[in-house]
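Here's a structure for you.
Every number here is computed from the coordinates shown, using simple stated rules; none is lab data. Note that the coordinates shown come from a computational prediction; the quantities given were computed from them, not determined experimentally. Heads up, the Cβs are rebuilt from the backbone with ideal geometry, glycines too, and the neighbour counts pull from every protein chain shown.
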């Protein structure tokens with residue numbers, strides 16, 4: 001046990017100097033997970049360079065559950081828990097769901113844990129992400145959004161956390177995120193919707209009538225994405241925001 005007087009405080013101080021905004025929390029996570037002092041030192045040095053804590057420790061917490069996160073795979077964010085919670089509320093018992101751009105499989109794993117008898121599959125273009133999702137207990141396949149390798153009209157829920165940051169806004173992201181995390185998981189093209197629009201179109205094909213699409217968006221993308229949502233056959237749409245009033249996602253129900 002490395003959580004002794006002085007050790008945590010020293011790690012907190014080093015992480016603060018390195019610019020980590022959650023130095024207290026990260027220091028405790030590193031200290032508690034490290035098996036010995038040399039490992040802790042190596043881990044702290046990696047974090048000081050900006051490497052994501054989830055890659056260093058090998059796990060993160062999402063919706064209260066530990067998830068494996070492999071180096072090179074997008075780290076699920078806290079704000080995505082809202083999408084996962086909303087999706088589990090509309091997925092029927094024994095239903096079927098597909099998680100596009102699944103990454104580590106965080107959303108899919110939550111659905112499997114929360115809804116009895118469901119069948120959930122993850123899809124991602126990156127084989128590393130697919131392997132990571134499988135390690136988290138999620139059946140997952142390699143595939144793209146244009147030609148999703150799944151049967152049409154077979155799912156009750158489609159979820160996605162596709163990249164939605166406009167290319168010109170990437171510079172506003174934290175330096176360590178830009179340095180380490182895969183750009184393909186961040187860059188949403190000119191208006192941030194280059195991959196979100198294909199997600200909407202794919203969901204329109206995959207969902208049964210009355211099924212739900214839940215995907216993340218931000219900024220003022222509700223007005224820009226609205227026409228694509230309607231064109232794909234969704235006739236009931238809810239845009240949700242966080243406690244600061246910032247747009248975070250959309251839940252849309254396919255027409256009957």
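Over the Cα atoms, compute the radius of gyration (one decimal) and Dmax (the largest Cα-Cα distance, rounded to a whole number) for segment 7-49, in Å.
Radius of gyration, then largest Cα-Cα span, for segment 7-49: 9.0, 25 Å.
Can I ask one more? In what sequence, highest mean first, do 51-58, 72-79 appear when ranked by Cβ atoms within 10 angstrom?
My ranking of the peptides, most packed first, is 51-58, 72-79.
Helix 37-48: angle to the longest alpha-carbon principal axis of the chain, degrees 0 to 90, nearest 10?
60 degrees
If you don't mind, another one. When N is the residue count of segment 123-256, what does its C-alpha Rg come to as a fraction of 2.2 N^0.38 Å?
Ratio of Rg to 2.2 N^0.38 Å for segment 123-256: 1.07.
Continuing with this model, one more query. Bin by bin, in steps of 5 Å, what percent of the Cα pairs in segment 65-107 do you find, going until the bin that has the longest distance?
5, 19, 27, 26, 15, 6, 2
Something else about it: Using the alpha-carbon atoms, what tilt in degrees (0 to 90, nearest 10) does helix 23-33 show relative to the longest principal axis of the chain?
The angle comes out at about 80 degrees.
Send over the semi-axes of the chain's equivalent ellipsoid, whole angstrom and largest first, taken as the square roots of 5 times the C-alpha gyration tensor eigenvalues.
34, 20, 15
Moving on to the next point. Give me the one-decimal nm value for the distance between modelled label points at residue 13 and residue 242, 7 Å along each residue's Cα-to-Cβ direction.
3.2 nm
Stretched out fully, how many nm does the piece from residue 167 to residue 256 gain, at 0.36 nm a residue minus the Cα gap?
Taking residue 167 through residue 256 to full extension adds about 28.4 nm, to one decimal.
Right, next: On C-alpha positions alone, give me the angle between the axis of helix 80-90 and the longest principal axis of the chain, in degrees, nearest 10.
40 degrees
Taking the DSSP beta bridges in the chain as the whole, what percent of them are antiparallel, to the nearest 5?
45 percent
Still on this structure, I have one more. Could you let me know the centre-to-centre spacing of segment 190-256 and segment 73-88, using Cα atoms, in angstrom?
Using only Cα atoms, the two centres lie 16 Å from each other.
So if I restrict to the alpha-carbon atoms in segment 1-123, what is the Rg, and what is Dmax, the biggest pairwise distance, in Å?
17.2, 51
I would also like to ask the following. Calculate the spin-label point distance for residue 61 paired with residue 78, positioning each point 7 Å from the Cα along the beta-carbon direction, and give it in nanometres.
1.1 nm
Something else about it: Under the 0.36 nm per residue contour assumption, what length would be gained going from the current alpha-carbon distance of residue 141 and residue 128 to full extension?
3.6 nm
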